[in-house]
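These notes are about the structure you will find just below.
The values are calculated or read from the model by the stated rules, or taken from the named source; none is laboratory data. What you are looking at is a predicted structure, and each value in this text was computed from that prediction instead of being measured. Here the Cβ positions follow ideal geometry from the backbone for every residue, glycine too, while neighbour counts run over all protein chains shown.
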Amino acid sequence: MNTVKVEGKNKKNKVFLYTLSTCGWCKMTKQYLKDNDTAYEYLDVDRSSRRPSRTLNAETPPWPSRLLSSTTRPSYPDSRRTQ
Amino acid sequence: MTTLDEVKRKAEQDAKSRGMYLTPDESLLKNLLEGLKENEDRYGYSSCPCRIASGAFDLDRDIICPCDYRDPDVAEYGTCYCCLYVDQEAHEGKKEAKPIPERRPTDKQMRGLGMEEPEPKETTPKGSINATDRILFYCKQCGYVVFRDEPPYMCPICRAKREMFQEIVTTQGYYTRNLT
């Protein structure tokens, strides 16, 4: 599975999410964007063919994990709770 | 194949025995339990739904739910990393469940992603316990002893609070002398 595009009316900014298919917070973020009719793309990293893994061979392109800071969860909209 | 009910029952039992609760947010709870089930089916163990698993048991051992970071996270923030387990205040809605910082050390994350070399093999003599980072704690109320980085959230035996745990002072020499 690779990048999935979700259509929406709001296309002001390009939104790309690196997510886990199993994660509750990732699902909430996807739902938030959908509720706000925002166009976005996402990649479920755990299901991706570019999934980082020791079991894959060295030719596999590395997943851009460096994009994620070690201290923060990948960004999620704070306003979600105040809706 | 495990069922969703089994996953839920296991989590509920664990929360109860440790003085914790499952998240009061119904939809989040459902998503997290489904994520746990998915990981159990995919990897053969219930790896944290909000962290990426390597698929290698040894590298994921610390993030198998309930993860090694749950107790200190619930004690400090009132919820664990994925928010499956919460404390009483969050359970009663007095405190909002929010995302919290990742406690898992970066080197462990990187090792799981295959971006760092595997941990060097322990050089301690066979049969001895490496006591350099983990410490013994005992419950002052009932005497229950744990060997881990921090005391548990609550004593699983007598339900005494975290504050009732006291460090047992030992030295590395003790282990090598008596446990080999």
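Could you run through segment B:98-115 and say how many residues are more than 9 Å from chain A (Cβ to nearest Cβ) and either under 20 Å from residue B:11 (Cβ atoms) or touching a Ser or Thr at 6+ places or on another chain (Cβ under 7 Å) (or both)?
To start, the set of residues in segment B:98-115 that are more than 9 Å from chain A (Cβ to nearest Cβ) comprises B:103, B:107-108.
In the following step, the residues that additionally are either under 20 Å from residue B:11 (Cβ atoms) or touching a Ser or Thr at 6+ places or on another chain (Cβ under 7 Å) (or both) were identified as B:103.
Final tally of qualifying residues: 1.
Once segment B:51-77 is narrowed to residues that are within 14 Å of the chain's Cα centre (by Cα) and part of a loop (DSSP other than H, G, I, E, B), the residue that is nearest to the other protein chains (Cβ to nearest Cβ) is B:51. Consider segment A:1-27. How many of its residues are more than 11 Å from the chain's Cα centre (by Cα) and either within 12 Å of chain B (Cβ to nearest Cβ) or among the aliphatic types (A, V, I, L, M) (or both)? Matching residues across segment A:1-27 total 4. On the given criteria, is residue B:174 aromatic (Phe, Trp, Tyr) and modelled with pLDDT of 85 or more? Taking the combined requirement at face value, the residue does not satisfy it.
Is it the case that some residue within segment B:53-69 is under 18 Å from residue B:19 (Cα atoms) and of a type in the set (Lys, Arg)? The answer is no; no qualifying residue exists. Listed conditions (1) in contact with a helix residue (DSSP H, G or I) (Cβ under 6 Å, 6 or more places away or on another chain); (2) under 23 Å from residue B:163 (Cα atoms); (3) at pLDDT 90 or above are all met by residue B:46, apart from (2).
Restricting attention to segment B:84-102, which residues are closer than 17 Å to residue A:25 by Cα, assigned to a loop (DSSP other than H, G, I, E, B) and touching a helix residue (DSSP H, G or I) at 6+ places or on another chain (Cβ under 6 Å)? Of everything in segment B:84-102, those that are closer than 17 Å to residue A:25 by Cα, assigned to a loop (DSSP other than H, G, I, E, B) and touching a helix residue (DSSP H, G or I) at 6+ places or on another chain (Cβ under 6 Å) turn out to be B:84, B:97, B:100. Total residues in segment B:6-26 satisfying the condition of being closer than 25 Å to residue A:31 by Cβ and either touching a helix residue (DSSP H, G or I) at 6+ places or on another chain (Cβ under 8 Å) or in the same structural domain as residue B:159 (by TED's automatic domain parsing) (or both): the figure is 7.
Taking segment B:78-95 as the search range and keeping residues that are away from chain A (no Cβ under 14 Å) and within 16 Å of residue B:11 (Cβ to Cβ), which one is surrounded by the most Cβ atoms within 10 Å (Cβ to Cβ)?
At the first step, the residues of segment B:78-95 found to be away from chain A (no Cβ under 14 Å) are B:78, B:87-89, B:91-92, B:94.
So of that shortlist, the ones also within 16 Å of residue B:11 (Cβ to Cβ) come out as B:87, B:91.
Values: B:87: 21, B:91: 19.
Applying the filter and picking the extreme gives B:87.
For segment A:35-51, filtered to residues that are away from chain B (no Cβ under 14 Å) and either touching a strand residue (DSSP E or B) at 6+ places or on another chain (Cβ under 7 Å) or not in a loop (DSSP other than H, G, I, E, B) (or both), the residue that is nearest to residue B:34 (Cα to Cα) is A:42. Right, residue B:32: crowded, with 23+ Cβ neighbours inside 10 Å, touching a Gly at 6+ places or on another chain (Cβ under 8 Å), within 8 Å of chain A (Cβ to nearest Cβ) and not in a strand (DSSP E or B) or not? Spelling it out, residue B:32 is indeed crowded, with 23+ Cβ neighbours inside 10 Å, touching a Gly at 6+ places or on another chain (Cβ under 8 Å), within 8 Å of chain A (Cβ to nearest Cβ) and not in a strand (DSSP E or B).
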